[in-house]
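What follows is one structure encoded as structure tokens, with my remarks underneath.
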Amino acid sequence: MVAAIMVIVSSCAETQLAIHSVKRVADVVEEKSHARYKVGNPYQIGGHWYYPKEDYEFDETGIASWYGSKFHGRKTANGEIYDMNALTAAHRTLPMPSYVRVTNLENGRSLVVKVNDRGPFAKGRIIDISRRGSQLLGFHKQGTAKVRVQILADKSRALAVQIKNQSELQKVGSPITVNRLPKAKVDAVLLPPPPGAKTSARQVSIPVSAKQQAYASSIPAPERVTVRTPALRQAVTGKVTLTNVEASNIFVQAGAFGEYANANRVRARLASIGSVKISSVLINGRDLYRVWVGPLATVADADRILEAMARAGFKSARIIVE
């Protein structure tokens with residue numbers, strides 16, 4: 001009878017402990033759940049429209065910049081807190097968060113960073129990298145670099161699914177899976193007899209071995225119970241790899257045209273700006289004629305040409321690296 005009562009008491013204790021622990025876990029999840037998956041609607045900055053989308057084939061070359069202390073500690077576009085010492089980046093259209101590999105085409109350094117912010121909105125830049133990222137890629141001092149940006153499709157998709165699933169669990173209040181809860185252990189229990197029962201002079205106790213005592217003392221407090229989330233290998237490791245890169249040049253592209261005659265007219269209009277040429281490319285089975293100014297010696301030269309094109313009416317002109 002005493003053993004049965006002890007089992008009931010122990011079960012009640014474990015139930016209360018589990019309820020308390022799960023409540024603590026739920027509170028922690030609610031407090032730390034700031035990051036969210038976001039693509040976003042089209043938006044306009046400085047008269048230019050941007051169209052965010054899930055583009056898992058993204059692969060582009062251009063000029064990278066970096067941002068630091070001015071934004072350190074502020075919220076990013078998807079609700080995270082910007083840390084200039086973390087390996088993150090801002091992009092104008094890629095989903096947040098997603099992983100991209102950035103390769104410095106000037107020194108061959110390559111690094112994976114997480115996109116969790118919008119930007120850059122300075123003309124002629126395709127990605128804004130955290131200060132730490134720019135240091136590892138080797139362009140912190142000069143401020144900009146010619147880069148290639150490639151999305152890591154599989155890892156980005158997996159990250160999107162993970163965050164969406166966690167958001168749904170919190171929204172509907174689904175059960176939260178936690179690490180194994182500790183079971184209550186007792187050295188000895190003395191119970192008073194029920195009303196009307198005969199008393200005995202002998203006390204009933206349950207001996208506990210030294211091994212069991214050691215196990216009981218090692219049990220963590222409920223506050224240290226953590227959420228068990230699906231395993232996802234961390235893509236951002238801070239590891240810099242070296243890649244063989246070929247010599248590249250900077251151009252400013254006024255536009256791409258389906259008719260050569262239209263491209264030739266634009267070339268004539270821009271003749272006074274610099275060395276203009278027409279470059280043909282086959283995209284999706286269609287010939288396009290791109291009007292370029294260049295090659296240009298520096299990013300500063302490209303910025304100057306870009307501004308001149310904008311004044312000439314080519315608002316969609318952009319810097320490219322080829």
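Every number here is computed from the coordinates shown, using simple stated rules; none is lab data. Just so it is clear, the model here is predicted, and its values are computed rather than measured. With ideal geometry, Cβ positions are generated from the backbone for all residues, glycine too; neighbour counts draw on all protein chains shown.
Key figures for this structure:
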item	result
Filter on Lys53/Lys114; Lys123/Lys239; Lys164/Lys315 - keep pairs with C-alpha separation over 27 Å	Lys123/Lys239; Lys164/Lys315
Label zone at Phe121, where the point sits 7 Å out along the Cα-to-Cβ direction: segment 283-322 residues whose backbone N lies under 17 Å	none
Whether segment 62-164 is rounded, prolate or oblate, judged on the alpha carbon gyration tensor where a/c under 1.5 counts as rounded	oblate
Virtual spin-label span in nm between Ala297 and Arg157, 7 Å along Cα→Cβ	4.7 nm
Protection proxy ranking of 305-315, 273-283 - average other beta-carbon atoms within 10 Å, highest first	305-315, 273-283
Among 150-161, 99-110, the order from most to least packed when residues are scored by Cβ within 10 Å on average	99-110, 150-161
Karplus-derived 3J(HN,Hα), 6.51/-1.76/1.60, for each residue of segment 291-305, Hz, glycine and proline x	9, 10, 10, x, x, 10, 6, 9, 5, 4, 5, 5, 4, 5, 5
Karplus-derived 3J(HN,Hα), 6.51/-1.76/1.60, for each residue of segment 252-261, Hz, glycine and proline x	10, 9, 6, x, 10, 10, x, 10, 4, 4
Potential extension, Asn165-Ala268 segment - 0.36 nm per residue separation minus Cα distance	31.6 nm
Gained length - Tyr43 relative to Lys75, 0.36 nm times residue gap less alpha-carbon distance	9.7 nm
